[in-house]
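The values are calculated or read from the model by the stated rules, or taken from the named source; none is laboratory data. Bear in mind that the values here come from a model prediction, so they are computed numbers and not experimental data. Cβ atoms come from the backbone with ideal geometry, glycine included; neighbour counts cover every protein chain shown. Each accessible area value is taken on the protein alone, full model and side chains, heavy atoms only, with ligands, DNA and RNA left out. Shrake-Rupley method; radii C 1.70, N 1.55, O 1.52, S 1.80 Å.
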Amino acid sequence: LSDTLCKLELVPSIMNNLLNPDAIFSNNEMSLSDIEIYGFDYDYTLVFYSKHLHTLIFNAARDLLINEHRYPVEIRKYEYDPSFAIRGLHYDVQRAVLMKIDAFHYIQMGTVYKGLSVVPDEEVIDMYEGSHVPLEQMSDFYGKSSHGNTMEQFMDIFSLPEMTLLSCVNEHFLKNNIDYEPVHLYKDVKDSIRDVHIKGIMYRAIEADIEKYICYADQTRAVSAKLAAHGKKMFLITNSPSSFVDKGMRYIVGKDWRDLFDVVIVQAEKPNFFNDKRRPFRKVNEKGVLLWDKIHKLQKGQIYKQGNLYEFLKLTGWRGSKVLYFGDHIYSDLADLTLKHGRRTGAIIPELRSELRIMNTEQYIQTMTRLQTLTGLLEQMQVHRDAESQLVLQEWKKERKEMREMTKSFFNAQFGS
């Protein structure tokens, strides 16, 4: 019965309602005719990086752990695996455990990893006294928790190599029975990843071989030129330094890229930029030197550093309702700006395109249809308590569990979608 439903009825109807991987999805109604000003983050919004960048960050941070934090030289044998982690995972700092927690704060069984090995469900339940993590025991994105617990969530695309490095070093210590303090490991890895940015290691590598690391230049050039041609104002707010942004934008848009943007702000220190009213803007000259002048107006053709959202709107005279800001970081770029300040935002989510393509495949659709059919059969037939019916029900439950694991691996073998 279920096979017949899959093949003859449900699959064709689902195949006729596929989602477009290149579509724009709206969570709220908005007329673009009302939008006069478009704002952009830089990394993973205007500029997209190739797969080589995460390998570079992983290798550089791993070497910093060895050379500056005196970690065992043997960890150099671990190489970056782009298929290991996904964005949005939580890391329990005290227990050195990486896991997926859903929107209702339930730990997703089968997605809890210590090192590079999955933790059995029974151990997870013993560890957390169940599968639910109460809100007050979880840190928010900024690492705050009322109970002193530290459950860090990794939402940045740049955090993928950080999660992988944490797991690899944990794996080395566990496999070699080395006694270590998980809190120190977390801090050292975090500091090393930070230093790859702060010390300019990443920036210098990209600037030295820009064609290797930057992709999709034509698309960014086309969008920015079209907006400018239609008289829209544009601004750029990024945490990256000015020389790095300038070289990247020269590559993807052209040497006259600053003519397209009305305001350019670098090293903005988001999310503080949106929340801290105390930090004034500083002008950056052509040599990257910070000037001490008081800023009365944000001028086109100039580059500014730091600042804050309140001062930004005051100095530009722009009405927030006319602004649409695009970014890739769900919290520091988007959620805070929308929930705390009522601004309109757009999320650039590269993973969504690849996942929609998977969801549109016949294999995925057939698997999901089979899953839905099994669930329907279980709901209808569970009232039958005789031994023969219960045996069939147990077989269906086993099959459903296996198929759920299969659907997870369509996206990522360890953590799913």
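Of the residues making up region 402-417, those that are free of Cβ contacts under 8 Å to residues at least 24 places away in the same chain and open to solvent by 80 Å² or more (accessible area, probe 1.4 Å) number 1. Residues that are exposed (fewer than 13 other Cβ atoms within 10 Å of the Cβ), not acidic (Asp, Glu) and not in a helix (DSSP H, G or I) do not occur anywhere in region 393-401. Residues in region 109-125 that are part of a loop (DSSP other than H, G, I, E, B) and modelled with pLDDT of 95 or more: Thr111, Val112, Gly115, Leu116, Val119, Pro120. None of Tyr180, Tyr203, Tyr186 is of a type in the set (Ser, Thr, Tyr) and in a loop (DSSP other than H, G, I, E, B) except Tyr180.
So which residues in region 373-391 are touching a Leu at 6+ places or on another chain (Cβ under 9 Å) and surrounded by 15 or more Cβ atoms within 10 Å (Cβ to Cβ), if there are any at all? Those that are touching a Leu at 6+ places or on another chain (Cβ under 9 Å) and surrounded by 15 or more Cβ atoms within 10 Å (Cβ to Cβ): Thr373, Leu377.
Go over the candidates Asp259, Asp246 one by one and state the one that is among the acidic types (Asp, Glu) and exposed (fewer than 15 other Cβ atoms within 10 Å of the Cβ).
Going through Asp259, Asp246 in turn, just one is among the acidic types (Asp, Glu) and exposed (fewer than 15 other Cβ atoms within 10 Å of the Cβ): Asp259.
Let me confirm something: among Gly307, Gly254, Gly288, which residue is of a type in the set (Gly, Ala, Ser), more than 20 Å from the chain's Cα centre (by Cα) and buried (at least 18 other Cβ atoms within 10 Å of the Cβ)? After ruling out the rest, the residue left standing is Gly307. From the list Thr164, Thr238, the one residue that fits, being outside the structural domain of Arg95 (by the TED database) and open to solvent by less than 30 Å² (accessible area, probe 1.4 Å), is Thr238.
Output the residues belonging to region 112-122 that are under 19 Å from Pro182 (Cβ atoms) and not hydrophobic (A, V, I, L, M, F, W, C).
Tyr113, Lys114, Gly115, Ser117
In this structure, is Leu174 among the hydrophobic types (A, V, I, L, M, F, W, C) and within 28 Å of Phe312 (Cα to Cα)? Give the steps one after another, and end with the answer.
Values: among the hydrophobic types (A, V, I, L, M, F, W, C): yes; within 28 Å of Phe312 (Cα to Cα): no.
For Leu174, the condition - among the hydrophobic types (A, V, I, L, M, F, W, C) and within 28 Å of Phe312 (Cα to Cα) - is not met.
Determine which member of the set Phe48, Phe58, Phe84 is at pLDDT below 95 and either within 26 Å of Ala413 (Cβ to Cβ) or open to solvent by 60 Å² or more (accessible area, probe 1.4 Å) (or both).
After ruling out the rest, the residue left standing is Phe48.
The conditions of being touching a Leu at 6+ places or on another chain (Cβ under 7 Å), of a type outside the set (S, T, N, Q) and either free of Cβ contacts under 8 Å to residues at least 60 places away in the same chain or more than 29 Å from Met202 (Cα to Cα) (or both) are not met by Leu291.
For region 310-333, the set of residues classified as at pLDDT 85 or above and under 24 Å from the mean Cα position of the chain (by Cα) consists of Val323, Leu324, Tyr325, Phe326, Gly327, Asp328, listed by residue number.
For beta carbons closer than 9 Å, sequence separation of 6+ or different chains, a first residue in region 347-365 that is open to solvent by 80 Å² or more (accessible area, probe 1.4 Å) and a second that is hydrophobic (A, V, I, L, M, F, W, C), the qualifying pairs are Glu362/Val11; Glu362/Met15; Gln363/Phe410.
Flag: Phe25 matches the condition of being under 21 Å from Met155 (Cβ atoms) and open to solvent by 20 Å² or more (accessible area, probe 1.4 Å). Residues of region 33-86 that are in contact with a helix residue (DSSP H, G or I) (Cβ under 9 Å, 6 or more places away or on another chain), part of a loop (DSSP other than H, G, I, E, B) and over 26 Å from Lys175 (Cα atoms): Ile35, Glu36, Asp41, Tyr42, Tyr44, Thr45, Leu46, Ser50.
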